[in-house]
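J.: Below you'll find the structure I mean.
The values are calculated or read from the model by the stated rules, or taken from the named source; none is laboratory data. Given the structure is predicted, the values throughout are model-derived calculations rather than measurements. FYI the Cβ positions are ideal-geometry reconstructions off the backbone, even for glycines, and counts take in every protein chain you see. When the accessible area is computed, the model is the full protein with side chains, heavy atoms only, and any ligands, DNA or RNA have been set aside. Shrake-Rupley method; radii C 1.70, N 1.55, O 1.52, S 1.80 Å.
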Amino acid sequence: MSLANAITFLGRYTLLFAIALSFSPLVAQDDLDFASMSLEDLLNVEVVTASKKAESQWDAPGVVTVVTKAELEKFGGNNLYEILDRVPGLRMTQLSVAGQPAISSRAGNKFSGSNHTLLLLNGRPFRQSLNGYAYQTVLRSFPIHMIERIEVVRGPGSVLYGTNALEAVVNVITKSPEETSTMLLGGGGTDLAREGEFVVATKSGDLSVIAGVNYWDEDGYPIDGITSPLIPGAPVQGIDIYRDDKSGAMALKFKGFSLSAYGGQFNKHYHYQPDFFTVEHKALLVDAGYEHQINDNWSFTFNITHNQYGEDIINNLGADPVIAFDFNTKDTLMEGTVYGKLGEKVDILVGAVGYYLSGWANFIATTWDLSWRSGYGQVSYQVNDSFKVLGGFQYNETDSGDNTVPRVGVIYNNADSGYGVKLLYGEAFRSPYPNESLIDVPDAGGSKPNPNISAETIESLDLQFFMDKERYQFAATIFQVTQDDFITLLPIEDPIYDFQFQNAGSLDIEGLELEVKYVPSERIYFLGSATYQSNENDAGVDDATLHGDLAVKLGFAYNQGPFNLGIFNSYFEGWKPNSDLPGAPVTAANPPSDDINYLSLNLGYDFSLAGTRGNISLYGKNILDDELYEPIFVVRTINTTQTEGGAQYYGQLKLFF
């Protein structure tokens, strides 16, 4: 089955399955009234990502932020891209004119692409084996109303999750059926945007299922000052951008068995008057898992995770459409993990992974078939009720060599006083992908394969002080990060090739993160964060990652009866210019990147009509109409690209049956 057919199959049958479930009398209804939520529900959420087991956010061996279901509803958002941009320490960006959305954590290096942050669905990874970043469609099209919470662990995560988990791990966790309802959403707004979403869940005995579909279509916005990436030397000109996305997702549990699936397509159309081209991203994830409880102290899990990914660039500049660039990947990961306890104080986790990577790039008639292996372990010792020490490692074998990354930590969490501290050290890695080590593109602008390229690595030291009280939480984290052998695309002197991926030195990043959540009553909700960082590479260049030094994010929500108000502002210091970096000459085609205040507003009204509950809302983003320009990271022929068309407003109607 082709990737496109697999995604169509999943989306079609997810929709039919969701419709069938919506008629089931077993479906429970979700409560839209946040005033009925307790303070404990709003603030105290267990997390599972940092240790692959349920634990308090403050006992977890990582710097963890949780985006709760309440925050998703209060502050709104059309997609994960917008929601993650509010998380402390994260900044969402686009890598190139082609608009590939990316997650950046703690001002990390983005010059080899967006493969330094690992995205998970219910703990299972999204990856693809050409260049590693496979979550464009997920960020733009995942059904938001399926999400229970989003756990973000900043810092290295490779000890438990392997390659790509350098800067952060983002885990999207779907709702449990007991806490959701059949929901139908329709809406539209700026740029003739049209959207629809349908989510339904049910539970019968040991069987629980949640399923959803999402659709988004918009006519787009005009951008000035763009150089066509398909035509070398093309003049600077205007462009209109259009988008259409669709996806389906589901999660099923039956006794010890589990099944998670996502299939989506994210299309972006670029209209150079009078011609145009289209970039299509298609992604599929299917994970089947089984958990067996051996006895009261020991359990075993086994997962098979299959990822398929495809990307096509369709050139319509001539009389007939031509596929100018396309590739497809099919990758399967098999993982077994043993969890256990030795007495009351020692927790043990041991696992092994086999990762099989295959794919083909039709535009250069290249295929690959690789096999990577790894093993990992972690031990924690609870010294007393408040004090815990832990250590772990992962050993990896790939075609580019082998490596071992460790993790150690000391955590003090006095639950009685609500004060605590974490001291964490960890390392992580990203193995080179075929586009860096194997792919041969012997054309103008092409890249030369580098079989000697090695994995890039990261070391991170985090010191966090935190307070966890009944009505508020506060954390201050000092971090120091060193990236070594980071992989980037550099110009070379060669009669056939213009570029090559190389290990290009090291980078030091240090900074401070502050975050707070305050809930004086069930009706008022406040959260905020501030991040300051500075970075320098081994050549003595400051601000080598182009990130601004300061980001401040503030949100306020208020609920009064059926009325809901959410306001969120993100201040980002402007990006640094890319013209000072080594590479091809940069054309100043667009304005520089300035400081921005990205303000969003979410207004909602809950109602009941003829026995049907619903919500009508107005959501606005970038309502201060700031101009958003970001530097080009990968192919730096121009200085910046405009990433949004100004203020945007959307209306939504949600019905619950």
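J.: Mind listing whichever residues of region 511-523 are open to solvent by 40 Å² or more (accessible area, probe 1.4 Å) and at pLDDT 95 or above?
T.: Leu512, Leu514, Val516, Tyr518
J.: Scan region 52-67 residue by residue and report those that are open to solvent by 10 Å² or more (accessible area, probe 1.4 Å) and among the small types (Gly, Ala, Ser).
T.: Once the filter is applied, which keeps residues that are open to solvent by 10 Å² or more (accessible area, probe 1.4 Å) and among the small types (Gly, Ala, Ser), region 52-67 yields Ala54, Ser56.
J.: For region 397-429, what are the residues that are of a type in the set (S, T, N, Q) and touching a Phe, Trp or Tyr at 6+ places or on another chain (Cβ under 7 Å)?
T.: If the condition is that a residue be of a type in the set (S, T, N, Q) and touching a Phe, Trp or Tyr at 6+ places or on another chain (Cβ under 7 Å), then Thr398, Asn403, Thr404, Asn413 are the ones that fit.
J.: Looking only at region 529-542, filter to residues that are in contact (Cβ under 8 Å) with a residue 24 or more places away in the chain and in a loop (DSSP other than H, G, I, E, B); which one of those is least open to solvent (accessible area, probe 1.4 Å)?
T.: Once the filter is applied, the top-ranked residue is Val541.
J.: Out of Tyr395, Tyr355, I need the residue that is surrounded by 19 or more Cβ atoms within 10 Å (Cβ to Cβ), in contact with a Gly (Cβ under 9 Å, 6 or more places away or on another chain) and closer than 30 Å to Asn297 by Cβ. Which one?
T.: Checking each option against the conditions leaves just Tyr355.
J.: I've got another one for you. What's the number of the only condition in (1) within 28 Å of Gly375 (Cα to Cα); (2) part of a strand (DSSP E or B); (3) more than 24 Å from the chain's Cα centre (by Cα) that Ser358 fails to meet?
T.: Condition (3) is where Ser358 drops out.
Yes or no, residue by residue, for (1) at pLDDT 95 or above; (2) among the acidic types (Asp, Glu); (3) open to solvent by 80 Å² or more (accessible area, probe 1.4 Å):
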| position | (1), (2), (3) |
| --- | --- |
| Asn362 | no, no, yes |
| Thr366 | no, no, no |
| Arg373 | yes, no, yes |
| Gln382 | yes, no, no |
| Val408 | yes, no, no |
| Ala415 | no, no, yes |
| Gly420 | yes, no, no |
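J.: Still on this structure, please answer the following. Assuming Val516 fulfils every condition listed in (1) more than 21 Å from Asp399 (Cα to Cα); (2) touching a Pro at 6+ places or on another chain (Cβ under 7 Å) apart from one, which condition is it?
T.: Exception for Val516: condition (2).
J.: Tell me, which strands (runs of 3 or more DSSP E) lie completely within region 604-657 with 2 or more residues that are modelled with pLDDT under 90? Can you show your working first?
T.: Working: elements: 612-621, 629-631, 640-642, 648-656.
Strands (runs of 3 or more DSSP E) meeting the threshold: 629-631, 640-642.
J.: For the subset of region 602-657 comprising residues that are in contact with a Gly (Cβ under 9 Å, 6 or more places away or on another chain) and at positive phi, which member is least open to solvent (accessible area, probe 1.4 Å)?
T.: Filtering region 602-657 for residues that are in contact with a Gly (Cβ under 9 Å, 6 or more places away or on another chain) and at positive phi, the one least open to solvent (accessible area, probe 1.4 Å) comes out as Asn622.
J.: Is region 492-504 home to any residue that is part of a strand (DSSP E or B) and surrounded by 22 or more Cβ atoms within 10 Å (Cβ to Cβ)?
T.: Here is the first cut: in region 492-504, the ones part of a strand (DSSP E or B) are 499-503.
Okay, now just the ones that are also surrounded by 22 or more Cβ atoms within 10 Å (Cβ to Cβ), so 501.
Yes; the residues of region 492-504 include at least one that is part of a strand (DSSP E or B) and surrounded by 22 or more Cβ atoms within 10 Å (Cβ to Cβ).
J.: Given (1) open to solvent by less than 40 Å² (accessible area, probe 1.4 Å); (2) assigned to a strand (DSSP E or B), where does Thr545 come up short, assuming only one miss?
T.: Going through the list (1) open to solvent by less than 40 Å² (accessible area, probe 1.4 Å); (2) assigned to a strand (DSSP E or B), Thr545 breaks only (2).
Yes/no per residue for (1) closer than 14 Å to Gly132 by Cβ; (2) crowded, with 20+ Cβ neighbours inside 10 Å; (3) not acidic (Asp, Glu):
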| residue | (1), (2), (3) |
| --- | --- |
| Phe429 | yes, yes, yes |
| Tyr433 | yes, yes, yes |
| Glu436 | yes, yes, no |
| Asp440 | no, no, no |
| Pro451 | no, no, yes |
| Ala455 | yes, yes, yes |
| Glu459 | no, no, no |
| Phe465 | no, no, yes |
| Asp468 | no, yes, no |
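J.: For region 158-190, how many residues meet the condition of being within 30 Å of His116 (Cα to Cα) and hydroxyl-bearing (Ser, Thr, Tyr)?
T.: 5
J.: Is it the case that some residue within region 594-606 is among the polar types (S, T, N, Q) and in contact (Cβ under 8 Å) with a residue 40 or more places away in the chain?
T.: yes
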